[in-house]
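**Student:** Below: one structure in structure tokens.
The values are calculated or read from the model by the stated rules, or taken from the named source; none is laboratory data. Treat the numbers as computed from the prediction; the structure is a model and nothing was measured. A quick note on method: Cβ atoms are made from the backbone with ideal geometry, for glycine too, and the neighbour counts reach across all protein chains shown. Heavy atoms of the whole protein, side chains included, go into the accessibility calculation; ligands, DNA and RNA do not. Shrake-Rupley method; radii C 1.70, N 1.55, O 1.52, S 1.80 Å.
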Amino acid sequence: MPATAGQNPRMSARRFHLQRLFSDRDVLHALLVTGVVTVASGGLVYLAWLWQSVRVASRAGTTAGGAVLVFGKHCIDGRPDAEFRARLQRAHALANTGQASRVLLLGGGGDPTEAAVAARELRALGWPEQVPLLLEDQSRDTLENLRHAHALMGVGDGPALLLSNRYHLARCALLADCIGLEHRLCAAEDGWRFTPKVLLEAGLSLCIDVGRRWARLIGHRRMLDKLSVGGAP
């Protein structure tokens, strides 16, 4: 993939995106406020989001109906890991049992993109021709996944079914709420098992939640716009 303007040619697209994200002054502002709130609460706000993340992870169902959004995941040399394969296997099962009207594969990145890897793997499993398979290959993170998917959703699609690993679902739901996307959740795995990744997910969700609440409190329009459908520069 060609380097983005201003990007070091040796730097991966993923690393460049993360570097740009965490050098954004509004992101740093939200991180600072979150740190202050977390310390002031004695860590209780983080524990509340950890409880919410585990609660969503353990209660999510595995059935569908309507349009299914499959979140991409970073692949090394175009090879999906076990977690990504679990998402794809669930999507395949939903399509083959008639529980999906169409499936949107989300995720950009390098070459091949996450969406392209997902499409390749699903077709290798034997994809039912009657279920449309759409690729969204420009997004670099969960928020962009949802923004771009929102633009691709049809009028009669109804609530989007967000399909990902259980530890990721609470943040998916929070960001879908931020952009006003009506949704339901679908877990890739049959049951919940604790993973340390849920600790990071709880922290990310906390930053998003506190940042949004703080921006509303002080009337910071630019911060709020960055969590809207269109986003902000």
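**Student:** How much of the pair distance distribution for the chain lies past 34 Å, counting alpha-carbon pairs only, in percent?
**Tutor:** 14 percent
**Student:** At a 10 angstrom cut-off on C-beta neighbours, averaged per residue, how do the peptides 176-186, 32-42 rank from highest to lowest?
**Tutor:** 176-186, 32-42
**Student:** Name the shape class, rounded, prolate or oblate, that the alpha-carbon gyration tensor gives for the stretch 54-158, where a ≥ b ≥ c are the square roots of its eigenvalues, rounded holds for a/c under 1.5, and otherwise prolate holds if a/b is larger than b/c and oblate otherwise.
**Tutor:** Rounded, since a/c falls under 1.5.
**Student:** For the chain, take the longest principal axis of its alpha carbons; what is the angle in degrees between that and the long axis of helix 82-96, to the nearest 10 within 0 to 90?
**Tutor:** 50 degrees
**Student:** From the helices alone, meaning DSSP H stretches of at least four residues, give me the mean residue ellipticity at 222 nm for the chain, per-run term -39500 (n - 2.57), in deg cm²/dmol to the nearest 500.
**Tutor:** Estimated from H runs of four or more residues: -15500 deg cm²/dmol.
**Student:** Give a residue-ordered list of calculated ³J(HN,Hα) values for the stretch 20-32 (Karplus: 6.51 cos²θ - 1.76 cosθ + 1.60, θ = phi - 60°; whole Hz; x for Gly, Pro).
**Tutor:** Once rounded to whole Hz, the list reads 5, 5, 7, 9, 6, 5, 6, 5, 5, 4, 5, 5, 5.
**Student:** Moving on. Percent of accessible area on the stretch 124-170 owned by carbon and sulfur, 1.4 Å probe?
**Tutor:** 53 percent
**Student:** Still on this structure, I have one more. Put a dot 7 Å past each Cα toward the Cβ at R25 and V39; how far apart are the dots in nm?
**Tutor:** Those two pseudo-labels are separated by 2.3 nm.
**Student:** Here's something else I'd like to know. Using the Karplus equation 6.51 cos²θ - 1.76 cosθ + 1.60 (θ = phi - 60°), what ³J(HN,Hα) coupling, rounded to whole Hz, does each residue of the stretch 164-171 give in order, writing x for Gly and Pro?
**Tutor:** Calculated HN-Hα couplings, in order: 7, 5, 4, 5, 8, 5, 4, 5 Hz.
**Student:** Mind listing the phi-derived Karplus ³J(HN,Hα) values for the stretch 126-143, rounded to whole Hz, using 6.51, -1.76 and 1.60 with θ = phi - 60°, and x for any glycine or proline?
**Tutor:** Whole-Hz 3J(HN,Hα) from phi for the stretch 126-143: x, 8, x, 4, 6, 9, x, 10, 10, 10, 10, 10, 10, 7, 10, 8, 4, 5.
**Student:** Please list the non-local residues whose amide H lies under 5 Å from the amide H of N165, H modeled 1.01 Å from N, same-chain partners needing a gap of 5 or more.
**Tutor:** A188
**Student:** Next question, about the same structure. Provide, for q = 0.17, 0.21, 0.27 Å⁻¹, the log10 of I(q)/I(0) from a solvent-free Debye sum over equal Cα point scatterers in the stretch 19-86.
**Tutor:** -1.01, -1.01, -1.07
**Student:** What whole-number distance in Å separates the alpha-carbon centres of the stretch 182-220 and the stretch 57-76?
**Tutor:** About 15 Å separates the Cα centre of the stretch 182-220 from the one of the stretch 57-76.
**Student:** Give the peptides 163-170, 219-226, 135-142 in descending order of average Cβ contacts within 10 Å, highest first.
**Tutor:** Ranked by mean Cβ neighbours within 10 Å, highest first: 163-170, 135-142, 219-226.
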